[in-house]
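First comes the structure, then the notes that go with it.
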Amino acid sequence: MAGMILNFVPLSGNNLAAEITGQIRHMLETGSLNRGDKLPSTRVLARDLDVARGTVVAALDTLIAEGFLVTRRGSGTYVSEACIPVAPQTAIRKQTPSWLFSIEPDLDQGAAGALNFQVCRPSLVAFPQNAWRRAAADAASRLPSADYGDPQGELELRIAIAAYLCRGRGLDVNADEIIITNGAVQAMHIISRLYLDRDSAVAFEDPGYPLARQTFGMTGASILPIPIDEDGLRVDQLPGDAKRVKFVYVTPSHQFPTGERLSLSRRQELLEWATQNDVLILEDDYDGEFRYDVAPLPPLAAMSTNGFVVYFGTFSKTMFPSLRIGFAVGPKQLIKEMAACRAVSDYQTNSLTQLALTSFIENGEFEKHVHRMRRLYAKKRKRLREVMNETNLAGDLTGTDSGLNALIRLRTDISATQISLRSRLRGIEVTPISRFAKGASVQDNALVLGYGALSEDEIEHGVSTLAAVIDEAI
Ligand SMILES: Cc1ncc(COP(=O)(O)O)c(C=O)c1O
């Protein structure tokens with residue numbers, strides 16, 4: 001078994017061994033390392049951290065002496081089975097369910113002041129502020145209802161979204177097949193709450209979207225990492241005996257984070273597999289609106305004829321993330337159950353925001369904005385490619401058919417974690433693909449770059465610095 005990939009923050013250099021010891025203790029405390037996990041070899045750790053092997057050995061010896069780690073002859077170093085989380089025990093901690101320690105902490109936001117190629121951030125430079133102000137004023141001018149709103153969402157907004165999905169994504173749905181939520185992830189929480197438990201499992205893209213993985217993991221369900229290739233999810237790797245599997249989660253328009261699209265034949269295979277095994281496909285179309293120079297592929301929800309797909313959409317990229325509006329589309333009965341479940345938690349999404357968005361869509365402003373942004377993101381993507389060529393960056397750009405992120409597959413043996421740590425020291429934040437992976441099957445050989453929110457000048461500066469960092473590291 002290969003060791004796990006550990007995500008260290010750059011060492012400051014005062015006492016390297018103590019810093020490594022401290023960071024591993026923190027990983028044990030936060031649950032990114034668990035009982036029985038195998039650590040990478042001292043040679044790999046020394047290479048990734050750019051320190052002498054003796055320094056790593058000294059750091060691990062301290063943790064072995066403290067009982068957190070154990071060595072197994074000829075096999076490597078493991079987290080001790082007797083290891084308990086080192087966080088202080090409080091009343092809450094004592095009640096913390098064991099599965100909580102198996103979810104990863106959120107990805108960090110990057111160093112302050114750095115030029116951050118953060119994934120999935122839209123640009124707001126061209127946001128139509130005046131049109132949005134008018135839509136918000138229109139919503140605010142209506143007398144609010146004395147009652148709560150509909151837990152399924154305002155009917156007007158569901159009608160507007162249904163019409164948009166038909167025009168924009170070729171999806172033929174009715175308003176009663178839609179539920180409005182506070183973002184797509186909340187819709188995933190609701191459906192998980194309804195159908196998952198400790199005895200169930202979710203087949204999940206690896207690498208994949210951490211928040212969705214955590215959402216499903218929080219129910220106690222097992223997460224089965226399924227590899228992906230240039231055609232998207234490897235349907236042939238889905239389990240043969242799928243009795244426990246309730247969902248298979250996919251991002252077909254733009255696989256998160258590799259950016260590959262699920263090919264048409266794979267879409268068909270996946271639909272067949274789901275039907276045969278009685279498994280629901282969760283189709284996360286998180287940035288299907290931003291497609292460049294390639295023909296559209298139908299969403300799985302449009303290809304399915306038997307209600308085996310639930311489609312998730314969000315306005316976090318097309319509008320802005322803090323709007324907190326997303327939605328799920330599925331069979332009427334399932335959507336009703338989701339609304340009933342929602343009624344016993346936060347009840348509904350804020351009506352004022354829903355009405356403002358309805359007005360913005362109905363006035364045609366939403367689609368005008370999406371078209372403008374598609375052109376703008378296409379220009380940024382072009383600049384990204386040009387700078388990579390101009391600087392002879394030792395990597396290949398992939399995953400650029402759609403979305404706001406791209407992947408640089410490194411043409412070197414040095415790990416992507418190592419490159420990202422070195423670029424951080426030069427003020428550039430890029431994320432190694434391993435941060436999104438769960439299994440050891442994902443090679444740490446690519447960087448994920450979110451370019452949507454950066455200007456062309458920032459892209460130029462960031463990518464040329466990255467090219468220099470890679471050259472120095474080779
Ligand atoms: C893969 C993926 N799915 C869904 C979302 C949207 O989540 P939400 O609508 O909750 O903001 C994101 C946001 O970054 C994402 O990256």
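So here's what we get for this one:
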quantity	calculated
First in the range 266-295 and within 15 Å of the ligand (Cβ to nearest atom), second anywhere and at pLDDT below 95 and part of a strand (DSSP E or B), Cβ under 8 Å, 6 or more apart	ASP287/SER402; GLY288/SER402; PHE290/SER402
Selection count where residues are basic (Lys, Arg) and in contact with a Pro (Cβ under 9 Å, 6 or more places away or on another chain), scope the range 225-249	1
Residue satisfying condition, being farther than 17 Å from ALA343 by Cα, out of contact with any helix residue (DSSP H, G or I) (no Cβ under 6 Å at 6 or more places or on another chain) and surrounded by fewer than 17 Cβ atoms within 10 Å (Cβ to Cβ), within set ARG198, ARG213, ARG169	ARG198
Given (1) under 16 Å from ILE433 (Cα atoms); (2) part of a strand (DSSP E or B); (3) within 14 Å of the ligand (Cβ to nearest atom); (4) not aliphatic (A, V, I, L, M), index of the condition GLY259 fails	(2)
Count of the range 345-374 residues which are part of a loop (DSSP other than H, G, I, E, B) and either among the charged types (D, E, K, R) or under 27 Å from the mean Cα position of the chain (by Cα) (or both)	6
Residues that are of a type in the set (Phe, Trp, Tyr) and either part of a strand (DSSP E or B) or surrounded by fewer than 24 Cβ atoms within 10 Å (Cβ to Cβ) (or both), drawn from the range 243-256	PHE247, TYR249
Number of the condition not met by GLN354 [criteria: (1) surrounded by fewer than 21 Cβ atoms within 10 Å (Cβ to Cβ); (2) closer than 19 Å to ARG324 by Cβ]	(1)
Residue check, SER441 surrounded by fewer than 23 Cβ atoms within 10 Å (Cβ to Cβ) and part of a helix (DSSP H, G or I)	no
Near pairs, Cβ below 6 angstrom, 6+ apart or cross-chain, from the range 178-195 (more than 10 Å from the ligand (Cβ to nearest atom)) to any residue that is among the acidic types (Asp, Glu)	LEU194/GLU337
THR181 being surrounded by 15 or more Cβ atoms within 10 Å (Cβ to Cβ) and closer than 24 Å to GLU367 by Cβ	yes
Identity of the residue in the range 298-328, of a type in the set (Gly, Ala, Ser) and more than 10 Å from the ligand (Cβ to nearest atom), that ends up nearest to ALA126 (Cα to Cα)	ALA328
Residues of the range 398-415 that turn out to be farther than 15 Å from LYS380 by Cα and part of a loop (DSSP other than H, G, I, E, B), as a count	5
Of residues in the range 111-128 being in contact with a Lys or Arg (Cβ under 8 Å, 6 or more places away or on another chain) and closer than 20 Å to ARG426 by Cα, the one modelled with the highest pLDDT	ALA114
Qualifying position, being hydrophobic (A, V, I, L, M, F, W, C) and farther than 14 Å from GLY326 by Cα, among MET218, MET188	MET218
Unique residue being in contact with an Asp or Glu (Cβ under 7 Å, 6 or more places away or on another chain), away from the ligand (no atom under 16 Å from the Cβ) and not in a strand (DSSP E or B) when the list is GLY220, GLY240	GLY220
So SER455, is it under 25 Å from PRO40 (Cα atoms), polar (S, T, N, Q) and surrounded by fewer than 22 Cβ atoms within 10 Å (Cβ to Cβ)	no
Among (1) assigned to a helix (DSSP H, G or I); (2) under 25 Å from the mean Cα position of the chain (by Cα); (3) modelled with pLDDT of 85 or more, the one test that GLY54 misses	(2)
Subset of the range 21-43 (residues that are of a type in the set (A, V, I, L, M), in a helix (DSSP H, G or I) and in contact (Cβ under 8 Å) with a residue 40 or more places away in the chain)	ILE24, LEU28
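Quick grid of which residues meet (1) at pLDDT 90 or above; (2) not hydrophobic (A, V, I, L, M, F, W, C):
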| residue | (1), (2) |
| --- | --- |
| GLU365 | yes, yes |
| VAL370 | yes, no |
| ASP401 | no, yes |
| ILE433 | yes, no |
| VAL442 | no, no |
| GLU460 | yes, yes |
| SER464 | yes, yes |
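The values are calculated or read from the model by the stated rules, or taken from the named source; none is laboratory data. Note that the structure is a prediction, hence the values are computed from the model and not measured. Quick reminder, even Gly has a Cβ in these numbers, built from the backbone with ideal geometry, and neighbours come from all protein chains shown.
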